[in-house]
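Worksheet: the structure to be examined is printed underneath.
Throughout, read-outs are computed from the coordinates displayed, never taken from laboratory work. Since the model is a prediction, treat every value here as computed from it, not as a measurement. Because the Cβ atoms are built from the backbone with ideal geometry, glycine has one as well, and the counts that use them run over all protein chains shown.
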Amino acid sequence: MNKFLITLATLVAFALSGVAHADAKVSGFLQQIIGAGDDVDGGITYKFNRVAFGADTTLDNGWTAGGSFAAEFGNWAAGGMSAYLPTSNSMYVATDAMTVTIGGAADAVTSAVPRIGNMVPGGGHDGGYQFLFDAGLLGSNGVSFAEAYYAQANNRVDVDFASVNGFSVGLTYTPSMEFNTGSGIARSQAETTASHGETIHAAVGYSGEMDGMSYSIGVGTINGNSQSQSAGSASAVTNNDLAAFAAGIKVTMGNLAMGVHAYDNGDSFGASTDAVKAKDSGYTVSATYAMGNITLGVGYAHQELVRGTRAQAAATTLTSADAGNVREDTVTMIGIGYNMGGGVNTYVQLSSNDHSDGDHATTEVDPQVLFAGISLGF
């Protein structure tokens, strides 16, 4: 047995000696959240608990090559991994002109457009913490208060060009939107899903300063094939192509920061045969004020969704409502955060939510959620 172990160790040593090793980095994030409120099930939960590994090295020609993977578990017991960032797995090559990334990574629009939804301490609505306690959203199309497929780490090629005079440009090509970090790595023929297919993301960002004010602006478009799945009661439908738009601006003046974000997915989640056309759009405004380790913030967000004729026929909920009803979600947020140092942050946020399915005969639940959290980054 001892000879076997020695032989095995020798073979492993020789095998590893031919592999080049880059400098590796390990990081992670731990968080616990306590929530309570009207018409919600309060308690203790978590989100974005993760671990990440990264490495980079310098090539002989001076370029930088690297990669990383991060795993966020939606459910520790089941080992369920989130399909959205920070869960990712990608490699990149960086030159003076551009950085090319391949694998499960953020797209150009997600990277370039300022994320106003996470400004309020407690993650605003972008962190989604209040939705761990309030599951009553009616106006979402996969991602709440954001453009189509926001922050989804699909398998793609992303090209970010070097910034010139404050301008930055990014392009992303995704062969098929259904293959993300939550759906595994398997491929099969005749794949049919509710996701869109081949997609191009294009975005332009600008950052600058003027009269003691700094600002960042981002504009992006998402265009691609239609959904491959023929959802609905009809045996044959023609889905609309993906065509979405997003824009955001964030301005900082001393301790004060303000921002606006808007998106419009149009009828991307509808069918060309719809008598009533599908719609999906929304916006967010936020402001924060920093006082040393303490940050105060307020935010307001609104999203609207209209199910087209086909989507309403296929829906498993609210099927009695008219296809043209405007389903709306509005959230008003007030938050306070305190940085304790050493990578530890705490926050308290109050979210007042309002939901409507557009049918006055329906009585919706509009909860208020008060939640507090403590997080540790390492």
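Structure values in brief
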{"read-out": "GNM flexibility winner over the chain from Val344, Val298, Val113 (Cα, springs under 10 Å)", "value": "Val344"}
{"read-out": "Relative contact order %, region 57-372, counting alpha carbon pairs below 8 Å whose residues are six or more apart", "value": "15"}
{"read-out": "Over the chain, volume per residue of the alpha carbon convex hull, in Å³", "value": "189"}
{"read-out": "Simple spin-label estimate for Phe378 and Ser163 in nanometres, 7 Å along Cα-Cβ", "value": "3.2"}
{"read-out": "Extension reserve of the Asp241-Ser183 stretch, reckoned as 0.36 nm per residue once the Cα distance is removed", "value": "18.7 nm"}
{"read-out": "14 Å beta-carbon shell around Ile102, net charge (K/R +1, D/E -1)", "value": "-2"}
{"read-out": "R0 of 22 Å, Cβ-Cβ distance Lys277-Ala315: FRET efficiency to nearest 0.05", "value": "0.90"}
{"read-out": "HN-Hα J in Hz across region 273-278 - Karplus 6.51, -1.76, 1.60, θ = phi - 60°, x for Gly and Pro", "value": "8, 5, 6, 9, 6, 6"}
{"read-out": "On Cα atoms only, tilt of 2-17 relative to the major axis of the chain in degrees", "value": "70"}
{"read-out": "Selected from Val164, Val365, Val204 as most flexible by GNM, with the chain as the system and alpha-carbon contacts under 10 Å", "value": "Val164"}
{"read-out": "Likely footprinting exposure, Arg115, Arg307, fewest C-beta neighbours within 10 Å first", "value": "Arg115, Arg307"}
{"read-out": "Those aspartates and glutamates that a straight Cα-Cα span of less than 14 Å connects to Lys25, excepting residues fewer than 8 apart in one chain", "value": "Asp56"}
{"read-out": "At R0 = 30 Å, FRET efficiency that the Cβ-Cβ distance of Asn293 and Met210 yields, to 0.05", "value": "0.60"}
{"read-out": "Cα radius of gyration and Dmax for region 38-131 (Å)", "value": "17.1, 61"}
{"read-out": "For the chain, built as a Gaussian network whose Cα springs stay under 10 Å, the top-fluctuating residue of Gly299, Gly182, Gly170", "value": "Gly182"}
{"read-out": "For Arg310, Arg187, Arg50, order by how many other beta-carbon atoms lie within 10 Å, fewest first", "value": "Arg187, Arg50, Arg310"}
{"read-out": "Cα gyration tensor shape for region 136-198, rounded if a/c is under 1.5, else prolate or oblate", "value": "oblate"}
{"read-out": "Reachable aspartates and glutamates, given that their alpha-carbon falls under 17 Å from the alpha-carbon of Lys47 and they are not under 8 places away in the same chain", "value": "Glu72, Asp126, Asp134"}
{"read-out": "Sites Ala36 and Trp63, calculated FRET efficiency, Cβ-Cβ separation with R0 56 Å, nearest 0.05", "value": "0.60"}
